[in-house]
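**Q** Pasting in a structure now, in structure tokens, and then I'll have a few things to ask.
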Amino acid sequence: MKLKLFWFSILLMTISISATDFKTYLQKGDEFYKKFELTQAINFYAEAYKFANGNYDVLIKMTRTYNDLGEDYYEIRDRKNSEAAINKALEYAEILKNNFPDSAMTYALLAMSYGNLAMFKGGNEKIKLAYKIKESAERSIKIDPNNYLPYIILSIYHRQIASLSWLERAFANTFFGKVPDGSLEESEQMMLKALEIQPGICVAMLHLSRTYHKMQDLNKEKEWLRKVIEAPIIDFRDKYAKRKASVRLSKLGG
């Protein structure tokens, strides 16, 4: 009996240490993430993942941060590392889907991962991903209509689909299957909804300005570009968004 109690005590102590380590790694990852130090953040999240690979929070953080890291590499034109990071994001997004199929954030991050992966694909693969992006984002909204992320993803999706030339659309329809529906009006509405839920997102405002550019509404394009420049930096993407907005506004004459 004493021997059993001894091993039981050791087991409880091991579980306690593991729980403490998991929490510490997760907190460290969050600290680096808030400072936009994504590589360091992902390293700590990966350590936390070793202790609890089925934990919802760590899976969310792994998926989100790998997507962020992929986008960051893409902005500095490091396509190899960008694609590798995004493939990792999709890997964790699929695990999320298998383990937490009723979570709105699962499908938002799945749509985000598909959308980022599409940057490296063409032809048939891009069309297939477009359907997956739309389906995942819409499912996320159906579960939780108050999450701004899937609205941003759907807005970009609608603008890109609506911006296809008749030749690109005809080519895709002929060789790769029917192109999914998309419109600039839907793109505008989706991004405005995202900004209603979460005001001040630089990337959202920049993409909204691009939608107005496609709609040939110069005044609104300039208006939203100015808002991007004036907004505070709250995300690692913001420095890139502000730079792009400044360059574009300068070309338009301010």
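No value in this document is a laboratory result; all are computed from the given coordinates. Quick caveat, the model's predicted, so the values are computed rather than measured. A quick note on method: Cβ atoms are made from the backbone with ideal geometry, for glycine too, and the neighbour counts reach across all protein chains shown.
**Q** Quick one: length gained pulling I229 to Y131 fully straight, 0.36 nm per residue minus the C-alpha distance?
**A** Full extension from I229 to Y131 adds 32.0 nm.
**Q** Hey, if you put +1 on the Cβ of every Lys and Arg and -1 on every Asp and Glu Cβ in the range 199-254, which of F236, H207, V247 ends up farthest toward the positive end of that dipole?
**A** Comparing the listed Cα positions along the dipole, V247 ranks first.
**Q** Ok, one more. Could you give me the percent of Cα pairs per 5 Å distance bin for the chain, shortest bin first, beginning at zero and ending with the bin that holds the maximum distance?
**A** Cα pair-distance distribution for the chain, in percent: 1, 6, 11, 14, 17, 17, 12, 7, 5, 3, 2, 2, 1, 1, 0, 0, 0.
**Q** Additional query: What does the highest-first list of 231-241, 65-75, 188-198 look like by mean Cβ count within 10 Å?
**A** Ranking the peptides 231-241, 65-75, 188-198 by packing returns 65-75, 188-198, 231-241.
**Q** Something else about it: Starting from the Cα of I197, step 7 Å along the direction of its Cβ; do the same at Q27; then give the gap between the two resulting points in nm.
**A** My value for the distance between the label points is 3.1 nm.
**Q** Calculate for the chain the 222 nm mean residue ellipticity that helices alone would give, adding -39,500 (n - 2.57) per DSSP H run of length 4 or more and normalising by residue count, nearest 500 deg cm²/dmol.
**A** -26500 deg cm²/dmol
**Q** Under the 0.36 nm per residue contour assumption, what length would be gained going from the current alpha-carbon distance of Y56 and F120 to full extension?
**A** 20.2 nm
**Q** Using just the C-alpha positions of the range 199-254 as equal point scatterers, what log10 of I(q)/I(0) does the Debye formula give at each q in 0.15, 0.16, 0.17, 0.26 1/Å?
**A** Listed by q, the Debye log ratios stand at -0.34, -0.38, -0.43, -0.97.
**Q** Please give the peptides 47-55, 131-139 ranked by average Cβ packing (other Cβ atoms within 10 Å per residue), highest first, as a rough proxy for protection.
**A** Per-residue Cβ counts within 10 Å, averaged per peptide and sorted highest first, yield 131-139, 47-55.
**Q** If you average the alpha carbon positions of the range 98-135 and of the range 16-90, how far apart do those two centres end up, in angstrom?
**A** Cα centroid to Cα centroid, the span is 19 Å.
**Q** If we count every other residue with Cβ under 14 angstrom of K88's Cβ, Lys/Arg +1 and Asp/Glu -1, where does the sum land?
**A** -3
**Q** Here's another thing I want to ask about it. By how many nm would the segment from Q40 to N81 lengthen if fully extended, with 0.36 nm per residue of separation less the alpha-carbon distance?
**A** Extra length from Q40 to N81 when fully extended: 13.2 nm.
**Q** Using R₀ = 30 Å, calculate the FRET efficiency as 1/(1 + (r/R₀)^6) where r is the Cβ-Cβ separation of E94 and K251; round to 0.05.
**A** Here the calculated transfer efficiency is 0.15.
**Q** Could you give the angle, 0 to 90 degrees to the nearest 10, between helix 184-197's Cα long axis and the longest principal axis of the Cα atoms of the chain?
**A** So the helix axis and the longest Cα principal axis differ by about 40 degrees.
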